[in-house]
1. Compute a Gaussian network model of chain B, connecting alpha carbons closer than 10 Å, and tell me which residue from B:A207, B:A276, B:A242 fluctuates the most.
2. Given the protein assembly as shown reduced to its alpha-carbon atoms as identical point scatterers, what log10 I(q)/I(0) does the Debye formula return at q = 0.05, 0.07 Å⁻¹?
3. Taking each pair of different alpha-carbon atoms in segment A:101-209 once, compute 1/r for the pair, average those values, and report the inverse of that mean as the Kirkwood hydrodynamic radius in Å to one decimal.
4. For chain B, what is the mean residue ellipticity at 222 nm derived from helices alone (per DSSP H run of n ≥ 4: -39500 (n - 2.57); sum divided by total residues; nearest 500 deg cm²/dmol)?
5. Before we go on, tell me the buried accessible area for the B/C pair, both chains summed, 1.4 Å probe, in Å² to the nearest 100.
6. Starting from the amide H of A:R230, placed 1.01 Å from N in the peptide plane, find each other amide H under 5 Å away whose residue is 5 or more places distant or on another chain.
7. Roughly to the nearest percent, how much of the accessible area of chain B is carbon and sulfur, given a 1.4 Å probe?
8. With a Förster radius of 41 Å, plug the Cβ-Cβ distance of C:I38 and B:W107 into 1/(1 + (r/R0)^6) and report the FRET value to the nearest 0.05.
Amino acid sequence: MNAGVSTGTENALELRGMSKRFGALAAISDVELTVRPGERRAVLGSNGAGKTTLFNCITGDFPPSEGSIRFFGEDVTAFPAQERIRRGLRRTYQISLLFTGLSVIDNVYLACLGVSRGRFSFARARKSDALVASAEELIQTVNLWEARDTLVSNLSYGQQRQLEIAMALSGAPRFILFDEPAAGLSPTERRELIDILTGLPSHMGYIIIEHDMDVALRVSEYVTMMHNGRIFKEGKPAEIEEDPEVQALYLGGDDH
Amino acid sequence: MAMPEITDGGGARPSVRQEDRLWIERIPAPYWVAGVILLIIPAFASDFIMFQIFGWTFILGMIATSLMFLGGYGGMVSLAQMSFAGVAGYMVAIFGDSAIDTISMGWPWYITIPLALMIAVLFATLIGWLAVRTEGIYTIMITLAIAAAFFYFTRQNYDIFNGFQGFNSVFPPQLFGVDWRRPIPFYYLTLFWATVTYFAVLYVSRAPFGLALQGVRDNPRRMAALGFNVTAHRVAAYAFSALIAGMGGILLTWQSAQISPGTVGIQPAIDILIIAVVGGMRHPVGAFIGAFLYVILKTFAVDFLIAVGLSGDRFQLLIGLGFLLVVFFSEDGLLGLWEKLRASRNRDPLTGEVRQ
Amino acid sequence: MRAFAARHPIWSAILGAFALILLYLIFAIWPEWLVDGIGRKKVFLNALFNGITLGGLYFLVASGFTLIFGLMRNVNLAHGSLYLLGGYIGFFIADSTGLWLLAFPVAFIVVGVLGVFLQITVFRRMEGQDLRQTLVTIGISIVMADLMLWGVGGDFYNITPPRWLSGPFETGLVTSQRVRSSGEVVTSYLKYPSVRIVIFAASLVIGLAMWLVLNRTRIGMLIRAGVDDRDMLSATGARIQLVFVGVFFFGAGLAGLAGVVGATFQSAAPGEDIRFLLASLVVVIVGGMGSIPGAALGALLIGCAEQFGSVYFPTYAVVLTFLIMVAVLAFRPQGLLGRS
């Protein structure tokens, strides 16, 4: 995809001076962020720090008020969401935005279809279809094989979160944004989630928003702290954990 | 319009896995029964019933199916379907033969019919592009205004649409030496295209395009985040619906041998909506059930009204009240009522639990 | 206004130039070449006045429609039927009592009460189901149209305005000036039906009153808050159902009132319900859904487009209004004064 534009040496993601205002409220202001290809980054911060807004601006769910976004060297600031997705960006949603009237396999199939050329095809899929095969593979990856024909509305909460991840892995992602994938999961499901994340191919970078420090620090190489819509500290997990300011703000006393 | 479960051929079933039986074994029994009955009807039905009742039912059913496709799978309730049908009907009259030989060009059917359908699809693409710029309940307002605009335009324009009079003596081609407007051939002609429409819509609903359209209906934001172009999908749905409506429009023009502004007026536009809603928008069979009821009412209501001591002019009252009743008691028309009934039958009367 | 000029300098310039040209056309004595180009000034002024007064009537119908839509998200496709019912009621009141002025409050109250009846029996049961509510209003409009046809037949009913309003009104605007061979200068002035001017003034007053109530009173704030954020309105514990009933009463009543005006201007007859429903739809699509100033602007535009269209290119007059709608949808889908 767009091999002519990206040579592979650029950064996966570059945000410059990005702000998003809702009326008078500045949800994020002047965010500068650079992520290398294959890098795994955690974004931490309290509720209302602007983390999900940051994701929404990056994917184009809504446009930033100011600033620019480069994705593998290409300026995608003016692109609609679907164009960014087709360039290899993926995300999961914190609030479930699944197709509850469709089965698990149909959901993943739609996700695979969205980044394929057959979006407008009027011909039904056959058993041997490559998209079907990749959808089935993804379902196995996130351990949902048993529930593949279940309606999404009948899935447990944890299964819905796993389905979100399967959909984000569809096609050939180059970079993924995970929005609190571990929220509400049982300890077993958390362990499975960590296995999935650490088991991703090494060229697949991601940003993960996570409240659970334990998960966040185990699946990331680098940590960005946000506070009141601004980036407040960046560093290796160990450095962030040791940082007195960070401890005062987030880690101390807060044990959820 | 959330669509939690579809009983029959719908979303609950996995689209991408198919069973390993022969296709002929997979056809459910009701289809066999309906198919056989429909095929042998001409053996005992009168010309009037074949041409006027069933021919008209199949045609209106097709146009209503185009609305069912847009509304049921795409979540866009359009009042412009009759206009799309009318465009195709008008084009057949303009490019083909009619009594108005100053306008009609007399081209052969194998050019006029594809051309008429193409123009209808183009027209619908344009209208769709306008209508999808706003969402939800606005669609119904905008398409109503557009249907009215088309009606007024055809009535005022004499150069192309021949104004108030429209075109008469528009006949189907004498293909294979058959007069397709005679009752039996016309019955099979409309039955054939109605069947094609029915299965085409069912098929597309489970094809990538149809699945994606249902995704757009339920969750447009998520679809964009999966790489789909939501606007393009909606506009394409309009185009596809116009193909169906256009075929219905051509058949309708042949049946009455004329097309005029009255065909594409506001009343017929609303009638199509009534047919689709009363039948139920979850499944294409609803459109045909609604059309059949409408035709029966329209044909026999006068006798009924006089029998209960009212003037035969009160037909609209009957239609309006019937429509109100159905909308009041069921969200999904008669199909919805049928499902409710079936669900309550399946329930154990003592415990209220669903029987397996 | 100043903020608009700062943000859109080009549009402000175009609008300003347009206003200047319009003022010139209204007040100047037209030179020969202008008369040769677009016809007599009297025709132009009449079209303009007809357009503005028709706009006043459209505003009365559409403002009720847009108010109900804005607050309740209910596209009331029976609005045209309420209008026509008001027209018939107005005719029979004025005809039997001889009191033209009495027709207005009676039509307002009767149609308003019918609106409340519909709100309580129909719409409250289907809250939040936009599509179903709209479908029900289609059913109601079909039933009402046939009941009215049954009741009063297909004749045209025209309300005669009282004598004190039936004469022409000297506007003092010069339509033409000629010099006779004797050297005497003859100046003719525009005469315009008083009843139309009075009715237009009344709709202006109603519009201003609505604006004041919406912007300056507590109940108005409540309604506007509800238009902006319906969840918030119910969260404040306001008696939202009472507000809904009140707005429905007022919106429906306004349609009834407009019916009396329409029956005086033109006539009440079958088919007028659809015509005014369509006019309301186009007006609110052009002006912006749910916005009262938008309805005023849209009504003025559509009224003028219809009248100028019927004078200057009669064949496609009706289509012109729809072209305006299509242009607005293409470039500003939320309507001229609507919020995106």
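The values are calculated or read from the model by the stated rules, or taken from the named source; none is laboratory data. Small disclaimer: the values here were computed from a predicted structure and weren't measured. Note that each Cβ is placed from the backbone with ideal geometry, even for glycine, and that neighbours are counted across all protein chains shown. Note: areas computed on protein heavy atoms with side chains; ligands, DNA, RNA excluded. Shrake-Rupley method; radii C 1.70, N 1.55, O 1.52, S 1.80 Å.
1. B:A207
2. Ignoring solvent entirely, the Cα scatterers give -0.37, -0.71.
3. 14.5
4. -20500 deg cm²/dmol
5. 3700
6. Hits under the 5 Å cutoff: A:S29.
7. 66
8. Values: r = 42 Å, r/R0 = 1.02.
E(calc), rounded to 0.05, equals 0.45.
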